Amino acid sequence: MIGAGEEEDDGGLSLAEDNDDVQRRSGPSESVSALVNRGYIFLKMEENMKVVNRWVYVIVGCVALLLSGLVYAWSVLSGPIAAEFPQWSAAQLSLTFTIVMSFFCIGGLVGGFLAGKVSQKVYLWVSAALFLVGFLLSANIRSLAMLYIGFGVICGFASGFSYNAVLATVGKWFPDKQGLISGILLMGFGISSFLIGKLYQVCTPDAIGAWRRSFIVLGVVSAVVMAICGFFLEKPGKDFAPPAAASVKKKYVNPVAMEAGTGEMLKKPAFWLYYLWAILLSAAGLALVSQASAIAKEVGPTVSIGTITTVVGLISIFNGIGRVILGGLFDKVGRSGTMQTVNVLFVVTGIVLIAALKMQSFPVLVAGFIIGGLAYGGVTPANAAFVSSYYGLKHYSLNLSVVVTNLMFASFGSTVAGALYDATGSYMSTYLMICGMALVGVLVSIGISICDKRMLAKMK
């Protein structure tokens, strides 16, 4: 007779027996509930790793861009080359950097067109190979044509190609911090010329031709490190979302944001106004950077070369710092506040440099260089943040590449600054030019705000 609550032995396993069977299969001390709990823990660990890993990608990106940015150290790299080939004029050697900037933009555009078709790993591996070839060819130059092709074309293209891939890939991990992350990544790119330039100077003997060995080392190291970075650079999965904590923080949201392809972006008046702003302020920054040593000598003719070199290096250092600060500012106050901050900093830079020249005060000049570095540092992260904020991440790679082409036009800022000095015998005209460009930048920023208001009116 079977009592209430009892079960027949032949009717199947009891719950206790079933649980015992699970224990036998999964382990002597692991119940069903323990398995469930363990699975939950693993899922949470995986979720948390995604949050941690996205910062790992920032580190990888910074290392890759640090190497990509070494082409900006041309003014330092070219010194020993000029000593070995005195028959080459300063203008002929300077043309190398112009070629670098042109092919940097071309590399970025090609990278943009290939976005979605080629793995981001391939971008860095191809760039690594090109850097190796470019530096090895440059190390064996016997003519200007070889220099232009090796360093100008090949290394310039490699720099733009990797630049595009890193910004586009790492940026997708941080839709909540576009400005800040762009600034951090570009800090590595910005300080590269200072760090690698200093290392190059220390490690390169004074003997004629010794720079060739240094170029080989730069090529090999760049290729190896960038290739390694390629293995660690990953895009987020389709299910990735930034941590909830990040979305709670105060963040500027662009009311006219949209997903726009390059063709649609080029039809927007706001884009062309921003493009003009980027040309003007980049030209102002390049005018300062290219003439910094001569500017320092004009104010401090008795100051040692070593001191001048250190002071000029402050521009690169604060350029990197400015990229982080002003990139983060974009996330908080948006496009208008960031652009106007950059404009004001450039105006202040010009005024301080005028005061330094009038007073013949080297400490005041140092202050001007620091402010100028911060100002110029705000332009590049603004480029990246503007593109993502206005036109989304879907077509980000190509859209950013188009914006970055402003550097081809901005590079003439250094030429204009040199011409003004030749005409006047002083850099006062250059300081006035910097102030003038920044003031036009104020008007351009206001113009973009008007475009935004019109767009909002159409959307309502």
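Taking every DSSP helix (H) stretch of at least 4 residues in the chain, weighting each as -39,500 (n - 2.57) and dividing the sum by the residue count yields a mean residue ellipticity at 222 nm of -26500 deg cm²/dmol.
Taking Cα atoms, how many degrees apart are the long axis of helix 428-459 and the longest axis of the chain, rounded to 10 and kept between 0 and 90? The two axes meet at around 40 degrees. Taking Cα atoms only, the orientation of helix 15-26 departs from the longest principal axis of the chain by about 40 degrees. Any chance you could give the angle, 0 to 90 degrees and rounded to 10, that helix 362-377 forms with the longest Cα principal axis of the chain? Between the helix axis and the principal axis of the chain, the angle is about 50 degrees.
Once C-alpha pairs closer than 8 Å and six or more residues apart are averaged by separation and normalised to the residue number of the chain, the relative contact order reads 21 percent. Values (i) 24.2; (ii) 22.3; (iii) 23.0 are given for comparison; Kirkwood radius over Cα pairs in Å, derived from the coordinates here, is the one labelled (i). Counting neighbouring beta carbons within 10 Å and listing from fewest to most, the residues 323, 142, 335 come out as 142, 335, 323. Take the Cα of residue 424, step 7 Å toward its Cβ, do the same at residue 302, and the gap between the two points is 2.7 nm.
Grab the other residues whose beta carbon is less than 12 angstrom from that of residue 84, score K and R as +1, D and E as -1, and report the net. Residues close to residue 84 contribute a combined charge of +1. Put in order of Cβ neighbour count within 10 Å, fewest first, the listed residues 204, 430, 310 become 310, 204, 430. Give me the Debye-computed log₁₀ of I(q)/I(0) at q = 0.08, 0.11 Å⁻¹ for region 254-460, equal point scatterers on Cα only, no solvent, two decimals. With one equal scatterer per Cα and no solvent, log10 I(q)/I(0) is -0.29, -0.52. For region 51-134, the share of alpha carbon pairs falling in successive 5 Å distance bins from zero is 3, 11, 17, 21, 18, 12, 9, 6, 3, 1, 0, 0 percent. As a proxy for reagent exposure, ranking 229, 62, 155 by other Cβ atoms within 10 Å from fewest up yields 62, 229, 155.
Readers should treat all values here as calculations from the given coordinates under stated rules, not as data from a laboratory. Note that the structure is a prediction, hence the values are computed from the model and not measured. Neighbour counts are summed over all protein chains in view; Cβ atoms, including those assigned to glycine, are modelled from backbone coordinates with ideal geometry.
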